[in-house]
Amino acid sequence: QHGLPFGGHLAEGQPVLHTFAVKAASLVPVLRLLADEGIGCEVASPGELALARAAGVPAAHTVLDSPAKTRAELREALGLGIALNADNPQELARLEALVGPDGPGIPGAGAPLGLRVNPQLGGGAIDAMSTATATSKFGVALQDPGAREWVVRAYLDRPWLTRLHSHTGSQGIPLELMAQGARATYELAEEINAAAGRQQIDTLDLGGGLPVNFASDEITPAFSDYARLLARTVPGLFDGRYGLVTEFGRSLLAKAGTVLSRVEYTKSSGGRHIAVTHAGTQVAVRTVFTPDAWPLRVAAYDAKGIPRTTEPTVQDVAGPCCFAGDLVARGRELPLLSEGDHVALLDTGAYYFSNPFGYNSLPRPGVYGFTVDGEGGEDGEGGVGLATVREPQTPESIVTESGGAHRDALR
């Protein structure tokens, strides 16, 4: 359980698998670090599955979720013994053709299988992050006419379906809505098991991630806050009858990462100070395109890495991309930046350096882990050790992935 959400509320021996949403930090060394702590992977594409396997994450600690799995992806997951959740009736029919009584008998097909449902509870502050709305593209919409009855029948007709999965969203979603989603999932599982006359559903996959506070260093909400709320809202989750799966991502790593960039130039336009840096849309796509939903704190440092402490001045912090809106901070009060200074985009350990945007064919930056040891030298500073997580992308690799080997293909 590793100190994550449910430690103080679980029944003795209750099985729990905490997985990490690979999309939040698609970096093999990061997945390996988490795997060493017993945290598995939630994957949503063939690429993410390949990353999890490269990190050495066991199949038993991997869950495949995606609304668009191909037949080949289903076969691969089944062959590896990876748990997966069908998103819709058509996908469930494909699964049945593979694992049902008339299926081909795929090795590993005894892996846990479930169905994703959408309790249609509503959205949060960020529409794009709200996955339990009335018209969400995910899962079987439980409140649509006849849907709940269809789900119950689907389980009764398929004894190999043993999991139930729902996901209410992450950033911008209040904890109360997440807890309501867990309660709706639990109540549906209870209904299905009662209809089956046995505990057919033995595991509840509680998708969704905690929102992150991007306004300060404070970690709010805490996993313990969520655990206490779940214990009050759905006490049956913790009586030991159901195994539990979680799929946290951003909330695990956001505050563990920082994007650093040099200030290449400074200028003034229309009376507005502008610092031009190398950190823009290509590393902070959500912040640039939807700044109100994804604001980031920016810290200012001089060329030696010493924090700037001069009087705050309203300025823009711009990136290198060739469009006017490439700004990671707009009209922000910061110590006035100068050429050669550095800016730090804080709380970017998830969904930033690991998920780049290929605008202008800008190279993906290097990613490095660090440790600070002891008191250091005479100046009292700790010794810093660096580890390469991902090499900086080279111009040669950009050419390669842009078809360089096929230069004359269209002549």
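The values are calculated or read from the model by the stated rules, or taken from the named source; none is laboratory data. Being a predicted model, the structure only gives us computed values, none of them experimental. Cβ coordinates were reconstructed from backbone atoms using ideal geometry, including for glycine residues, and neighbour counts include every protein chain displayed. Keep in mind that these areas ignore ligands, DNA and RNA; they rest on the heavy atoms of the full protein, side chains included. Shrake-Rupley method; radii C 1.70, N 1.55, O 1.52, S 1.80 Å.
Could you work out what % of the accessible surface of the chain is carbon and sulfur, using a 1.4 angstrom probe and leaving DNA, RNA and ligands out of the count?
Taking all protein chains in place, the chain shows 53 percent carbon and sulfur surface.
Specify whether the C-alpha gyration tensor of the stretch 5-70 places it in the rounded, prolate or oblate class, a ≥ b ≥ c being the square roots of the eigenvalues: rounded for a/c under 1.5, otherwise prolate if a/b is larger than b/c and oblate if not.
Because a/c hits 1.5 or more and a/b exceeds b/c, the stretch 5-70 counts as prolate.
By how many degrees, 0 to 90 and rounded to 10, does the Cα axis of helix 89-99 deviate from the longest principal axis of the chain?
On a 0 to 90 degree scale, this one is about 70.
Count the net charge of all other residues whose Cβ sits under 9 Å from the Cβ of ALA86, scoring Lys and Arg as +1 and Asp and Glu as -1.
Net charge around ALA86: +1.
Can you give me the P(r) profile for the stretch 186-328? Cα pairs, bins 5 angstrom wide beginning at 0, each as a whole percent.
Pairs per bin, as whole percents: 2, 7, 13, 15, 13, 10, 8, 7, 7, 6, 5, 4, 2, 1, 0.
Assigning unit charges at the beta carbon (Lys, Arg +1; Asp, Glu -1) and nothing else, what dipole magnitude in debye, to the nearest 20, does the chain show about its Cα centre?
900
On a 0 to 90° scale, report how tilted helix 175-196 is relative to the longest principal axis of the chain, with both axes built from alpha carbons and the result rounded to the nearest 10.
20
Probe of 1.4 angstrom, ligands and nucleic acids ignored: what's the accessible area per residue over the chain, in square angstrom? Write down the numbers at each step before the final one.
Working: 19390 Å² over 411 residues.
Here the residues of the chain average 47 Å² of exposed surface.
Restricting to DSSP loop positions (anything but H, G, I, E, B) with no more than 15 other Cβ atoms inside 10 Å of their own Cβ, which GluC sites (Glu not before Pro) remain in the stretch 10-84?
Details: sites: GLU12, GLU37, GLU42, GLU48, GLU73, GLU76; in loops: GLU12, GLU37.
Passing sites in the stretch 10-84 are GLU12, GLU37.
So which lysines pass the test for LYS69, namely a Cα distance under 22 Å, with those fewer than 8 places away in the same chain ruled out?
Within reach: LYS23, LYS137.
Show me 195-207, 342-354, 271-283 ranked by packing, highest mean number of other Cβ atoms within 10 Å first. List each step's numbers first, then the result.
Working: 195-207: 18.5, 342-354: 22.6, 271-283: 20.5.
In decreasing order of mean packing, 195-207, 342-354, 271-283 become 342-354, 271-283, 195-207.
Mind listing the phi-derived Karplus ³J(HN,Hα) values for the stretch 50-64, rounded to whole Hz, using 6.51, -1.76 and 1.60 with θ = phi - 60°, and x for any glycine or proline?
4, 5, 4, 5, 4, 7, x, 6, x, 4, 5, 10, 10, 10, 9
What shape does the stretch 264-411 have by the C-alpha gyration tensor, where a ≥ b ≥ c are the square roots of the eigenvalues, rounded means a/c under 1.5, and otherwise prolate means a/b greater than b/c and oblate the rest? Mind showing how you got there, number by number?
Working: a/c = 2.15, a/b = 1.23, b/c = 1.75.
Verdict is oblate for the stretch 264-411.
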